[in-house]
Amino acid sequence: QVQLVESGGGLVQPGGSLRLSCSASGSIFSINAVGWYRQAPGKQRDLVAAITTGGSTNYAGSVKGRFTISRDNAQNTVYLQMKSLKPEDTAVYYCNRFPRPGFDWGQGTQVTVSS
């Protein structure tokens, strides 16, 4: 059973930065495209960014130019660098397989952008 662990969230002021990390049990990221998803209170969980095994990336329009997804297959970790954060980025952030998030969801990491 694959276990996903997200970390790196926190409280940050508008305009600030955070780097999220997603680690997994087993070497699954080297053979799967991975996505970062987020869910704000009362809203559905949406894709934020994704990276393929070959390193190609795509981003939701609302974060393009501000967020960067990357992967370290040797460390079995996927990162999400977030800059110029806005209050509307506040959500719980999760990672999972992309495009079909078939692994069990982890606990996520809370990102709160507020002054």
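The values are calculated or read from the model by the stated rules, or taken from the named source; none is laboratory data. Given the structure is predicted, the values throughout are model-derived calculations rather than measurements. Here the Cβ is made from the backbone with ideal geometry for all residues, glycine too, and neighbour counts use every protein chain on show. Heads up: the accessible areas ignore ligands, DNA and RNA and are worked out on the full protein's heavy atoms, side chains in. Shrake-Rupley method; radii C 1.70, N 1.55, O 1.52, S 1.80 Å.
For segment 84-115, a tally of residues being farther than 20 Å from A24 by Cβ and among the acidic types (D, E) returns 2. Here I69 fulfils each of the conditions (1) open to solvent by less than 60 Å² (accessible area, probe 1.4 Å); (2) in contact with a Lys or Arg (Cβ under 7 Å, 6 or more places away or on another chain) apart from (2).
A single entry from K83, K64 fulfils the requirement of being open to solvent by 60 Å² or more (accessible area, probe 1.4 Å) and more than 19 Å from G9 (Cβ to Cβ): K64. Looking at segment 30-106, the strands (runs of 3 or more DSSP E) lying wholly inside it that each contain 3 or more residues that are touching a residue at least 24 places away in the same chain (Cβ under 8 Å) and hydrophobic (A, V, I, L, M, F, W, C) sit at 46-51, 77-82, 91-97.
Filtered by the rule that a residue be buried (at least 16 other Cβ atoms within 10 Å of the Cβ) and either part of a strand (DSSP E or B) or among the β-branched types (V, I, T) (or both), segment 8-20 gives V12, L18, L20. Of the residues making up segment 80-90, at least one is modelled with pLDDT of 95 or more, within 23 Å of V2 (Cα to Cα) and touching a Gly at 6+ places or on another chain (Cβ under 9 Å).
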